[in-house]
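The values are calculated or read from the model by the stated rules, or taken from the named source; none is laboratory data. Predicted model only: the values in this text are computed from it and were never measured. Here the Cβ is made from the backbone with ideal geometry for all residues, glycine too, and neighbour counts use every protein chain on show.
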Amino acid sequence: MDYTITPIGHVRGGRAEAIDDDWGASRATIALDAARFGPEALAGLADFSHAEVVFLFDQVPPDKIETGARHPRGRQDWPLVGIFAQRGKNRPNRLGLTTCRIVAVSGTALEVEGLDAIDGTPVIDIKPVMREFQPRGELRQPAWVDELMAEYWDKGE
């Protein structure tokens with residue numbers, strides 16, 4: 001079996017640096033690889049309000065990958081939690097996932113708002129957000145997450 005994953009495109013525009021907060025107003029375009037995809041690949045996506053974007057944290061060096069526990073953002077006042085109990089970029093496979101607002105679809109380009117990936121980031125997949133795939137029931141999270149996320153989306157909310 002071949003488990004090779006090839007990016008479908010790249011993030012164009014938006015931020016040039018990965019800064020922890022204020023991603024809400026960030027606008028970027030996902031440009032599909034024109035050698036592999038035509039406009040038909042995005043057909044119908046504009047009918048949705050949001051898309052889930054899977055991307056690669058390609059600028060995380062291998063020696064920075066975490067496989068155990070760490071303090072989120074290096075803050076000693078927050079608990080030591082496993083890499084799979086947080087959404088940091090230093091993940092074993094360096095995959096990121098964000099739900100973004102769809103702004104526009106044009107040809108092989110998807111403009112989104114609220115994508116916390118930087119210019120040049122390889123995009124692995126795009127999926128429309130459907131209510132039926134959203135969490136059922138009440139969500140819960142620890143208090144440190146409330147504090148961590150307090151300003152993450154601020155500028156666009």
Scanning segment 132-157 for residues that are among the aromatic types (Phe, Trp, Tyr) and either part of a strand (DSSP E or B) or without any contact (Cβ under 8 Å) to a residue 60 or more places away in the chain (or both) gives Phe133
Filter segment 31-56 for residues that are among the charged types (D, E, K, R) and surrounded by fewer than 14 Cβ atoms within 10 Å (Cβ to Cβ); the one that is farthest from Met130 (Cα to Cα) is Arg36
Note: among Gly120, Gly96, Gly114, just one is within 18 Å of Gly14 (Cα to Cα), surrounded by fewer than 17 Cβ atoms within 10 Å (Cβ to Cβ) and within 14 Å of the chain's Cα centre (by Cα), namely Gly120
Scanning segment 86-136 for residues that are hydroxyl-bearing (Ser, Thr, Tyr) and at pLDDT below 95 gives Thr98, Thr99
Here the residues within segment 94-119 that are under 14 Å from Val54 (Cα atoms) and small (Gly, Ala, Ser) are Gly96, Gly114, Ala117
Here the residues within segment 80-120 that are out of contact with any helix residue (DSSP H, G or I) (no Cβ under 7 Å at 6 or more places or on another chain), in a loop (DSSP other than H, G, I, E, B) and over 27 Å from Arg140 (Cα atoms) are Ile118, Asp119, Gly120
Checked pairs for segment 54-79, first in a loop (DSSP other than H, G, I, E, B), second among the aliphatic types (A, V, I, L, M), C-beta under 7 Å and 6 or more apart or across chains, list as Glu66/Ile83; Thr67/Ile83; Gly68/Ile83; His71/Leu80
Exactly one of Gln86, Gln59, Gln141, Gln134 is buried (at least 17 other Cβ atoms within 10 Å of the Cβ) and not aromatic (Phe, Trp, Tyr), and that residue is Gln86
Matching residues in segment 85-131 (of a type in the set (Asp, Glu), out of contact with any Phe, Trp or Tyr (no Cβ under 7 Å at 6 or more places or on another chain) and either closer than 27 Å to Thr67 by Cα or free of Cβ contacts under 8 Å to residues at least 60 places away in the same chain (or both)) number 2
Going through (1) at pLDDT 95 or above; (2) surrounded by fewer than 15 Cβ atoms within 10 Å (Cβ to Cβ); (3) in contact with a strand residue (DSSP E or B) (Cβ under 7 Å, 6 or more places away or on another chain) one by one, Ile5 fails only at (1)
